[in-house]
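What follows is calculated from the coordinates using simple rules that are stated; it is not laboratory data. Since this is a predicted model, take the numbers as computed values, not measurements. Heads up, the Cβs are rebuilt from the backbone with ideal geometry, glycines too, and the neighbour counts pull from every protein chain shown.
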Amino acid sequence: MNVVACLARVPDTASRIKPGSDGKSPDLEGAQFVVNPYDEFALEEAVKLREAKGSSLLAIHVGPVDFQKELRNALAKGADKAIQLSTTGPLGPAGISKLLAEQIRPLLPATVFLGKQSVDGDVGATGAFLGNELGLPVVSKISTLKIEGDRFSATREVEGGVETIEGALPCIFTAEKGLNEPRRAGLNQIMAAKKKPLTVETKSAPPPLLDVLALELPKDRPAGRMLGEGVGAVAALVTALQNEAKVL
Amino acid sequence: MAHQSLVYLEVRGGAVKRSSLEALGEASRQKAALGGEVVGILLGSSSTTLAHGLAGADRCICVPDPRLDRFSLEAAATATAEAARSSGATTIWFSATVQGRDLAGAVAARLGAAYAADCVEIRAEGGAVIAKRPIFGGRALVTVKAKGNPLVVSLRPNVFAPLVASPAAVGTSNLAPTFASGDFAAVVTHLASAAGGAKDVAEAEVVVSGGRGLGGPEGFKPLEELAQVLGGAVGASRAVVDLGWRPHADQVGQTGKVVSPKLYIACGISGAIQHLAGMRTSQVIVAINKDAEAPIFKVATYGIVGDVGVIVPALTAALKTAIAARR
Ligand SMILES: Cc1cc2nc3c(=O)[nH]c(=O)nc-3n(C[C@H](O)[C@H](O)[C@H](O)COP(=O)(O)OP(=O)(O)OC[C@H]3O[C@@H](n4cnc5c(N)ncnc54)[C@H](O)[C@@H]3O)c2cc1C
Ligand SMILES: Nc1ncnc2c1ncn2[C@@H]1O[C@H](COP(=O)(O)O)[C@@H](O)[C@H]1O
């Protein structure tokens with residue numbers, strides 16, 4: 001079985017966001033860009049499956065900005081091939097998944113790993129859209145995965161409990177934090193990765209189906225009140241919760 | 001095109017989830033401006049029974065296929081997409097629970113619809129739905145609108161008021177969708193409920209969260225007592241989850257859960273930007289921290305500077321007294 005890992009590029013979670021001059025898109029000047037944190041777990045799980053099953057692992061990124069360093073790193077960690085689909089113009093999950101599906105279709109049957117969501121748009125729908133494109137089941141937000149033969153058993157946290165999902169491969173999985181401990185590539189692997197195939201192809205994707213009308217910063221919360229220091233302040237807090245905030 | 005709403009009603013433990021009733025409530029409130037009907041959809045063998053008494057929906061589509069009693073994303077998406085087509089839905093509403101978010105994406109993909117995830121505000125304009133949703137972990141918000149396609153929205157739990165209406169008989173119709181061969185290839189086979197039926201932080205109306213300032217896993221004991229008095233759930237910062245003091249299920253923040261309770265009490269939590277991402281939309285925030293300069297105080301409605309080990313038990317005791325006095 002072939003294995004695929006999909007890697008998105010996002011600004012670091014600590015970066016400051018401000019509205020751009022159009023009032024619709026973010027001004028990300030000075031932001032540090034990284035591989036989407038959840039995709040590190042997706043890649044690690046893909047590498048583990050690749051090692052266990054002796055198949056081939058492809059790492060894919062869709063987007064216009066140079067991502068070769070990150071893809072080389074994925075090759076060093078265990079991917080066999082990497083491809084960047086370079087696009088211009090805005091992308092949504094429908095467009096991204098169309099481009100991903102074009103690459104993955106010839107590799108079927110293939111098991112695909114994505115992150116549960118990219119931490120810029122916070123949508124978490126690319127997996128579902130890709131599943132629809134490829135006709136594969138999607139199991140999202142997994143925090144454990146066991147594979148035996150062509151069957152899998154995965155667990156994920158849901159409100160108030162842990163769900164077990166079972167099924168047959170091939171399948172699309174999206175990774176929750178804690179699925180595994182992502183490895184670091186060693187020096188030898190980094191050297192070997194230089195010889196692995198990494199290609200960049202120019203593509204065009206259908207535009208997003210949503211129009212962005214405005215981007216704004218969250219309103220500051222109304223100024224709060226310091227009630228003082230130590231246990232002496234507890235009575236004031238109880239009074240405030242009861243009579244002012246009325247949340248008791 | 002006339003407006004039409006379809007609301008997915010998630011069933012858990014033999015009842016429609018409160019968060020789904022919030023989605024139903026919002027769809028019904030927007031109906032005044034949008035017109036059309038608000039149609040509910042229920043899956044599984046209990047759907048017809050549950051549909052009765054679902055005040056707020058104009059009618060309900062039931063898919064009483066027992067195979068849907070065990071959740072399969074693909075089968076549920078096939079059924080919901082077919083209901084959307086057959087009812088001519090222009091807006092399809094979900095609650096942004098784990099299941100709701102999954103299904104919202106899968107249904108949008110099947111319908112070629114636009115998808116606005118985890119919305120915190122909805123308004124109607126010119127007969128269309130306009131949605132506001134957080135991005136970048138809540139560090140910004142975008143207002144979005146579908147480009148003429150149907151729109152799928154998922155609503156952040158606890159943000160929208162559930163519909164309160166007196167139960168009335170709701171008309172139902174049955175749907176028998178055409179499932180694809182792979183629709184039941186992956187199914188939920190088991191649900192292990194959280195220990196002691198503990199409330200989930202994402203759904204609780206009160207969340208008492210602890211951070212590294214609690215000093216160790218045993219430091220959470222007083223927090224559990226405080227949460228119990230308030231009928232709430234216990235949350236945690238990532239730092240303490242990484243240290244193994246609390247399970248990941250309890251983590252609040254950008255890489256944990258997003259919560260919007262009525263009351264959020266942060267104990268020994270510094271207030272890092274990634275933590276704020278998960279709780280800044282809470283109605284009232286209380287911060288207890290020994291460092292008066294801790295960033296958590298910038299978002300707090302009320303702050304107390306002091307040692308959590310001392311303040312929390314005192315607060316629990318004072319609340320017990322206050323609550324008892326009201327009875
Ligand atoms: C990609 C990424 C994602 C992240 N996602 C999350 C996330 O989802 N959720 C999250 O929480 N964090 C997240 N973080 C981590 C975040 O940056 C912080 O490191 C973390 O929130 C700090 O946790 P803390 O407040 O418990 O610990 P600290 O920052 O160490 O703060 C401890 C606080 O306790 C106070 N204190 C100490 N002793 C006492 C006492 N006796 N009484 C009262 N107060 C006391 C201190 O003054 C201090 O303010 C993420 C980070 C990254 C890089
Ligand atoms: N541009 C992209 N290129 C490759 N993979 C992506 C891209 N965007 C999203 N993904 C994958 O889809 C997951 C969910 O993203 P999203 O639906 O944008 O929240 C991410 O964690 C990635 O694994």
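According to the Cα-based calculation, Rg over Rh for chain A is 1.08, with Rh computed by the Kirkwood formula.
Label point of B:ALA2 set 7 angstrom out along Cα-Cβ; within segment B:65-105, amide nitrogens under 16 Å from it belong to B:85-91. Largest GNM mean-square fluctuation across B:THR172, B:THR143, B:THR281, computed for chain B with C-alpha springs under 10 Å, falls on B:THR143.
Rg and Dmax of segment B:5-174, both derived from C-alpha coordinates alone, stand at 14.6, 43 Å. Taken along its principal axes, the alpha carbon cloud of segment B:138-266 reaches lengths of 55, 36, 35 Å, longest axis first. R0 = 35 Å: FRET efficiency of B:GLU121 with B:ALA55, Cβ-based, nearest 0.05? E between B:GLU121 and B:ALA55, to the nearest 0.05, is 0.90.
Its Cα centre serving as origin, segment B:258-324 has a Cβ charge dipole (Lys and Arg +1, Asp and Glu -1) of approximately 220 debye. Across chain B, the mean sequence separation of Cα contacts (distance under 8 Å, 6 or more residues apart), normalised by length, yields a relative contact order of 15 percent.
Each Lys or Arg adds one and each Asp or Glu takes one away; over the other residues whose Cβ falls under 14 Å from the Cβ of B:GLY138, this sums to +3.
Note on segment A:1-51: Rg/Rh from C-alpha atoms, Kirkwood Rh, equals 1.19.
Think of chain A as having a plus end and a minus end, set by charges on the Cβ of Lys, Arg, Asp and Glu; of A:THR126, A:GLY30, A:PRO197, A:PRO197 sits farthest toward the positive end of this dipole.
Ranked by the mean number of other Cβ atoms within 10 Å per residue, highest first, peptides A:2-15, B:123-136 order as A:2-15, B:123-136. If the limit is 18 Å between Cα atoms, which of A:LYS69/A:LYS194; B:LYS199/B:LYS320; B:LYS132/B:LYS298; A:LYS141/B:LYS257; A:LYS53/A:LYS177; A:LYS69/A:LYS195 go over it? Over 18 Å Cα-Cα: B:LYS199/B:LYS320; B:LYS132/B:LYS298; A:LYS53/A:LYS177. Shielding value for B:111-117 is 5, the average number of Cβ atoms from other chains within 10 Å of each residue's Cβ. Two tests apply to each whole DSSP H helix in chain B, Cα reach of 18 Å or more along its axis and mean Kyte-Doolittle hydropathy of at least 0.5, and the ones passing both are B:308-326.
Temperature 4 °C, viscosity 1.567 mPa s: under these conditions the Stokes-Einstein estimate for segment B:109-180, based on its Kirkwood radius over C-alpha pairs, is 87 µm² per second. With each run of n ≥ 4 DSSP H residues scored as -39500 (n - 2.57), what mean residue ellipticity at 222 nm is computed for the protein assembly as shown after dividing by its residue count and rounding to the nearest 500 deg cm²/dmol? For the protein assembly as shown, the value works out to -8000 deg cm²/dmol.
Each Lys and Arg Cβ is given +1 and each Asp and Glu Cβ -1; about its Cα centre, the protein assembly as shown then shows a dipole of about 360 debye.
With the charge dipole of the protein assembly as shown set up from +1 on Lys and Arg Cβ and -1 on Asp and Glu Cβ about the Cα centre, the Cα lying farthest toward the positive end among the listed residues B:VAL188, A:MET1, B:GLY278 is that of B:GLY278.
What you get for segment B:113-219, charging only the Cβ of Lys and Arg (+1) and of Asp and Glu (-1), is a dipole of about 440 debye around the Cα centre.
Counts of other chain beta carbons within 10 angstrom of each beta carbon in peptide A:109-121 average 2. Going from the fewest other Cβ atoms within 10 Å to the most, the residues B:GLU225, A:GLU51 appear in the order A:GLU51, B:GLU225. Put in line by how crowded their Cβ is, counting other Cβ atoms within 10 Å and starting with the fewest, B:THR91, A:THR144 read A:THR144, B:THR91.
As a calculated quantity, the FRET efficiency between A:LYS18 and B:ARG70 at R0 = 60 Å, using C-beta atoms, amounts to about 0.80.
Run the Debye formula on the Cα coordinates of segment B:57-155, all scatterers equal and no solvent, and tell me log10 I(q)/I(0) at q = 0.12 1/Å. So the normalised log intensities are -0.40. Evaluated at q = 0.06, 0.10, 0.16 Å⁻¹, the base-10 log of the normalised Debye intensity for chain B, with identical point scatterers placed on the Cα atoms, takes the values -0.23, -0.63, -1.25. With the simple spin-label model, which puts each label point 7 Å out from Cα in the Cβ direction, the B:GLU205 to A:ALA236 separation comes to 2.8 nm. Using only the C-alpha atoms, the convex hull of the protein assembly as shown corresponds to 156 Å³ per residue. Label-to-label distance for A:VAL212 and A:THR164 is 4.3 nm, based on points extended 7 Å past Cα in the beta-carbon direction. With K and R counted +1 and D and E -1, the other residues having a Cβ less than 15 Å from that of A:ALA223 yield a net charge of +3. Annotation: aspartates and glutamates with alpha-carbon distance below 12 angstrom to B:LYS290 (same-chain offsets under eight excluded): A:GLU229, B:ASP307.
Among B:HIS275, B:HIS52, B:HIS3, sorting on how many other beta-carbon atoms sit within 10 Å of each Cβ, with the fewest leading, yields B:HIS52, B:HIS3, B:HIS275.
Working value for segment B:183-255: equivalent-ellipsoid semi-axes of 25, 16, 11 Å, each the square root of 5 times a Cα gyration tensor eigenvalue, largest first. The long axis of helix A:93-104 is offset from the longest Cα principal axis of chain A by roughly 20 degrees.
Entry note: segment B:195-326 has Rg to Rh equal to 0.93, where both radii use alpha-carbon atoms and Rh is the Kirkwood radius.
Using only C-alpha positions, report the orientation-averaged shadow area of the convex hull of segment A:119-172, nm², one decimal. About 4.3 nm², averaged over all directions. Taking every alpha-carbon pair under 8 Å whose residues sit at least 6 apart, chain A reaches a relative contact order of 25 percent.
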